[in-house]
Structures are given as structure tokens and as C-alpha cells.
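Shown next, in C-alpha cells, is the structure this report addresses.
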Amino acid sequence: MTIRRIATSAGLALALVTVGCARDNSTATAGSSPGTTQTPQETAVVNTENAQLVQGDVAPTRLFRRPLQPGEVQGSGLVSVANPASPKVPLRLPTPPETRHFKETVIHVPAGSAPTEVQLPIDAPNEAWVMFIPKGNDAQRGETALRSVTLRDPLGRRADVEAAREAQSKLEPDQAERLAAGRISRPITMLHLNNNMARGTYAVQVGREAAATGLAIEVRLPNSPIELNLTPSAMQFFPGQDSWVTIGLGEGARIDRVDFTAVLYDPSFRAARRVPVVRVGNEYRALVSSVFTEQDAVGTWNLEVRATGVSGNQRFDRLGSTAFGFAVPTARLVSVGHPRFERGPEGKITTLAVDVVVESEALDRYEISGTLAATTPDSLERPVAEAQVTDLLAPGQHTLTLRFDAGHVSLTKLGGRFALRGLQLFSLGTNTLYHRLAKGLDIRFPALRVADLAAPREITPAIEHMMRAGEFDLTTP
């Protein structure tokens with residue numbers, strides 16, 4: 001959760017401390033407050049260059065210079081936030097890129113077209129659906145258009161009436177008999193095929209009204225063995241890094257011939273460019289990195305892939321899409337080190353702090369966040385506290401400090417050697433992740449006992465709610 005998002009939630013009431021403002025960012029570090037003592041450093045500075053990346057990590061290989069755009073986050077001043085964390089759910093690695101599965105296609109008849117015939121390859125008619133969707137927002141015109149649409153099977157016979165009856169029996173059983181008797185005059189919009197219908201190429205005859213209005217024809221084939229699978233190589237791509245989307249057609253599917261068309265859409269969902277698809281070993285890849293440059297828009301991009309071909313003498317057509325982030329990184333994490341305790345007048349530990357060095361190539365407001373984790377007797381790492389720090393940083397190297405509130409840790413009644421996990425660098429100006437190390441370079445604090453920790457400075461309503469819910473008590477379900 002970023003500080004910008006935290007600032008609009010009740011969670012900000014837990015702790016929000018302005019550490020400084022209008023200061024020289026190139027030397028910004030969090031030192032000891034008066035009256036505090038610090039334990040000797042147990043861990044030397046650890047650089048990120050040789051970090052062992054794990055599932056879901058993001059690491060830029062180079063940085064880019066980029067001017068601050070109008071309307072992007074600005075303002076001066078360093079802000080540090082600490083929040084408690086519930087140890088109920090063990091820490092997990094970030095979610096890997098999702099594989100999306102498609103047994104469907106969509107064919108478009110543009111508005112203003114002449115009457116035409118559209119071919120629909122249907123290799124598995126059992127439980128298949130065909131849907132006709134008029135373009136535009138004029139419902140009356142759309143209804144008129146659908147009256148000029150018919151469907152014929154591979155033998156040239158009308159298939160839409162029987163398929164419409166099947167659809168009504170699935171969706172509105174009480175309407176099926178009325179449709180069969182001709183007592184329903186509304187046009188057909190959804191067709192449901194069955195196992196008695198033929199495999200092969202169906203023909204949609206698009207009449208004058210439907211062609212003028214425009215039509216989307218969607219086909220879903222849930223029982224087909226041919227399934228278009230799309231898997232990005234990462235959740236987020238950077239310019240200059242190898243990145244691709246793996247394309248599969250389902251295990252065990254017989255494919256005699258296949259052709260792919262891949263089109264990339266920018267964050268405004270405008271068709272930006274075609275993406276080459278190549279075969280690599282036993283898989284196909286859409287080479288996304290080959291078409292990205294550092295001038296491209298930052299945000300969520302979509303790749304649409306159409307696969308057409310022949311399987312067992314039957315034509316097939318599949319259409320699917322997947323999404324991923326694209327960012328032009330202007331900063332990275334350089335090193336982490338100097339874990340230390342800060343103590344209050346009574347000698348209790350009040351803060352667990354760790355310094356993080358950031359390298360920036362562009363003026364931006366950056367956020368560093370991390371999670372403090374304890375290892376419990378069941379050998380699981382569980383979160384005990386969270387911290388974020390943000391500042392407006394000019395080009396150069398800067399040191400920011402994550403400060404975990406020991407009072408939040410004490411709520412969990414867990415001690416030992418805490419580890420820094422989920423270390424992230426986020427650009428608040430572009431709202432994008434630049435660097436993430438789930439294992440956090442395996443930085444560990446010196447061992448401590450629960451008795452060494454200071455009590456929470458304040459039991460806020462948010463903390464009180466978590467306590468009532470048993471979020472800190474591992475002895476309860």
C-alpha cells in the first residue's frame with residue numbers, strides 16, 4: 001500500500017510522522033533521536049546487484065532520464081509511515097504472471113458494411129454458444145438488425161431456430177415452447193448448439209440492416225480440446241529487457257497448421273502495433289520486447305492474439321488477450337544495510353530501523369516500503385510490522401530509512417531475529433513499481449525478546465479493531 005493510498009484510509013491513524021521537509025535529499029538519513037542508543041551493526045551494507053531474484057521480483061537493468069510530467073506527484077518533505085501487520089497469514093511470494101485460457105473467438109462486421117456471409121469454424125458444437133451483439137447504443141435499431149441475421153450449418157441447413165430453442169431452454173425454460181410455436185417475435189440473439197449438430201464451418205448470413213448497424217459475433221466452445229493459453233513472462237516489462245508472452249493451444253490438442261496474429265494495445269486501448277510471433281522449442285512466443293521503446297506510454301498494455309488453423313481436418317479460430325505493466329524505470333534500489341534498534345529513555349526498543357540507498361535519474365516522488373517478518377515455530381515467516389517512507393528525490397543517490405514501530409511488533413508477542421521482506425521501490429509520479437525484492441536481500445535484525453520491546457505509543461481505533469478480531473493472536477483460529 002503506498003503512502004498516497006494510505007493517506008486516504010483509516011489506516012493512516014496508526015502512525016504518520018513527518019520526518020523532515022525542504023531538506024537536502026542527497027544526505028537524508030534517519031539518525032538517533034536524543035536520548036536513544038543503538039545496538040552495533042550486525043549486517044554490513046548489502047548491494048542489490050547480485051540479488052537472487054525469486055518469483056514476482058522486478059529489477060531494472062538500466063535507468064532512464066525522464067522529466068516530471070504535468071500533474072504528476074510533487075511536493076517536498078520526507079514522510080515516514082509505520083503500521084502494524086497481522087501474523088495470521090504467512091508471507092508468500094508475489095503472484096506469478098497469470099495464464100489466461102480461451103476457448104472462444106469474436107468476429108466483427110464493421111458498421112456500414114455491405115450484406116455479407118461470415119464463416120464460423122465450430123470444431124466442437126456440443127454445448128457451444130453463438131451470440132450476436134449489434135454495435136451502437138440504439139436498442140431499437142439493434143433489434144431490427146438482428147432480424148436480418150441467420151445461421152446455417154455446414155450442410156447449408158438453417159440452424160438458428162433449433163439453436164435458439166436450445167438457448168431458451170437453458171436460459172428461460174418457460175419460453176422454449178412459445179418460441180417453438182412461433183409466439184415470440186423478438187429476434188434471436190443467443191444460440192446454443194448440441195451434440196447432434198454437425199462439426200465444421202457454419203455460415204452467418206448478415207443482411208442489409210445488420211451489416212449497416214455493425215455486428216459482433218461471439219462463439220464459445222467449452223468442449224473443444226483446442227484452448228488458447230497466454231502467459232506473460234513477467235507482470236511488468238521494462239524497455240531493453242527480453243519480454244514475451246507464451247502462446248499455447250492446449251495439451252493434447254492435435255494441430256495440423258496454425259497461424260497467429262498478435263496486436264498490442266496501449267493504455268488508452270488504441271491498437272499500437274503488430275507483435276511478431278516465433279516458435280521457440282515446443283512453444284510459441286509473442287516477442288513483446290521487440291516493439292517497445294522508452295518513449296512508449298507507462299501503464300497497462302494489452303496483447304490480443306488470434307490463432308487460426310486446422311485440427312484433424314477441421315478449421316478452428318481462437319481469440320484471447322492478456323495484460324501486463326510497462327514502465328520506464330528512473331530509479332532503483334542500490335543497497336540495504338545498517339539494521340539497528342532505537343531505544344527510549346527506559347531502555348526499551350522503540351524503533352527497528354534500516355537504511356536503504358536509492359539511485360535516481362529523474363526528479364520524482366519515490367516510495368520505499370518493506371515488511372518485517374518473524375519465523376514462528378512452524379517454520380513459517382509471518383508479518384509483524386510494515387513501514388513506508390517517501391520523498392521527492394532529485395537525480396543522484398539518496399539514503400532513506402524504513403522505521404518499524406516496535407510497539408506494533410510487541411502486539412504479536414513474537415521475538416527472535418526479524419527479517420526484512422517485500423522490499424519495494426515505487427514511483428508515485430507514474431504510479432508504477434520500479435524495483436521489488438520479495439526476499440529483501442535476506443537482511444536480518446539482531447535477535448531480541450518480546451520483553452525488550454516498548455509498548456504501542458497509542459492504541460488507535462484501527463489497532464483496537466484488529467485486537468478485537470484476534471489478528472495478533474496466533475493461538476486462536
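The values are calculated or read from the model by the stated rules, or taken from the named source; none is laboratory data. Remember, it's a predicted structure, so these values are computed and weren't measured experimentally. When we count neighbours, we look across all protein chains shown, and the Cβ atoms used for this are built from the backbone with ideal geometry, even at glycine. Side chains included, ligands, DNA and RNA excluded: accessible areas come from the protein's heavy atoms. Shrake-Rupley method; radii C 1.70, N 1.55, O 1.52, S 1.80 Å.
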Any hit, region 55-65, residues being out of contact with any strand residue (DSSP E or B) (no Cβ under 7 Å at 6 or more places or on another chain), surrounded by 12 or more Cβ atoms within 10 Å (Cβ to Cβ), without any contact (Cβ under 8 Å) to a residue 40 or more places away in the chain and farther than 30 Å from Arg382 by Cα
no
Answer yes if at least one residue in region 436-459 is more than 24 Å from Tyr366 (Cβ to Cβ), open to solvent by less than 20 Å² (accessible area, probe 1.4 Å) and out of contact with any strand residue (DSSP E or B) (no Cβ under 6 Å at 6 or more places or on another chain), and no otherwise.
yes
Among Arg165, Arg183, Arg158, the single one that is on the phi < 0 side of the Ramachandran plot, surrounded by fewer than 19 Cβ atoms within 10 Å (Cβ to Cβ) and at pLDDT 90 or above is Arg158
Could we say that Arg100 is charged (D, E, K, R) and at pLDDT below 95 here?
no
For region 315-324, name all the residues that are of a type outside the set (Phe, Trp, Tyr) and crowded, with 19+ Cβ neighbours inside 10 Å.
Asp317, Arg318, Gly320, Thr322
Farther than 30 Å from Gly112 by Cα and assigned to a loop (DSSP other than H, G, I, E, B): is that true of Pro222 in this structure?
yes
When region 289-332 is examined, which residues are found to be within 21 Å of Leu425 (Cβ to Cβ) and basic (Lys, Arg)?
Arg332
Go through (1) under 30 Å from Gly320 (Cβ atoms); (2) modelled with pLDDT of 90 or more; (3) out of contact with any Phe, Trp or Tyr (no Cβ under 7 Å at 6 or more places or on another chain); (4) not hydrophobic (A, V, I, L, M, F, W, C) for Thr95 and report which single condition fails.
(2)
Yes or no: region 50-62 includes at least one residue that is more than 25 Å from the chain's Cα centre (by Cα) and at pLDDT 50 or above.
yes
Sort out which residues of region 289-309 are open to solvent by 30 Å² or more (accessible area, probe 1.4 Å) and among the β-branched types (Val, Ile, Thr), and write them in order of number.
Thr293, Val298, Thr300, Thr308
Among the residues that make up region 121-136, is at least one of them more than 16 Å from Leu215 (Cα to Cα) and basic (Lys, Arg)?
no
Do we have Gly250 as under 22 Å from Trp129 (Cβ atoms), of a type in the set (Gly, Ala, Ser), within 26 Å of the chain's Cα centre (by Cα) and surrounded by fewer than 19 Cβ atoms within 10 Å (Cβ to Cβ) here?
yes
Qualifying position, being part of a strand (DSSP E or B), modelled with pLDDT under 50, within 28 Å of Thr330 (Cβ to Cβ) and open to solvent by 30 Å² or more (accessible area, probe 1.4 Å), among Val19, Val79
Val19
Taking Gly407 as the residue in question, decide whether it is within 22 Å of Pro94 (Cα to Cα) and of a type in the set (Gly, Ala, Ser).
no
Give region 256-288 a look and list any residue that's loosely packed, with under 15 Cβ neighbours inside 10 Å, not in a strand (DSSP E or B) and not small (Gly, Ala, Ser), or say none.
Asp256, Phe269, Arg270, Pro276, Asn282
Quick one: would you say Ser335 is more than 24 Å from the chain's Cα centre (by Cα), under 18 Å from Leu425 (Cβ atoms), among the hydroxyl-bearing types (Ser, Thr, Tyr) and surrounded by fewer than 23 Cβ atoms within 10 Å (Cβ to Cβ)?
yes
Which residue out of Arg274, Arg257, Arg306 is more than 21 Å from the chain's Cα centre (by Cα) and closer than 30 Å to Arg65 by Cα?
Arg274
Considering only residues of region 359-375 that are hydroxyl-bearing (Ser, Thr, Tyr) and open to solvent by 10 Å² or more (accessible area, probe 1.4 Å), which is nearest to Arg62 (Cα to Cα)?
Ser369
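So that you can scan it fast, the table gives a plain yes or no per residue for (1) at pLDDT 95 or above; (2) more than 30 Å from Pro67 (Cβ to Cβ); (3) of a type in the set (Gly, Ala, Ser):
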residue: Gln388; (1), (2), (3): yes, no, no
residue: Ala394; (1), (2), (3): no, no, yes
residue: Leu428; (1), (2), (3): no, no, no
residue: Lys439; (1), (2), (3): no, yes, no
residue: Pro446; (1), (2), (3): no, yes, no
Test Ile226 against the criterion of being over 30 Å from His435 (Cα atoms), buried (at least 20 other Cβ atoms within 10 Å of the Cβ) and at pLDDT 75 or above, and give yes or no.
yes
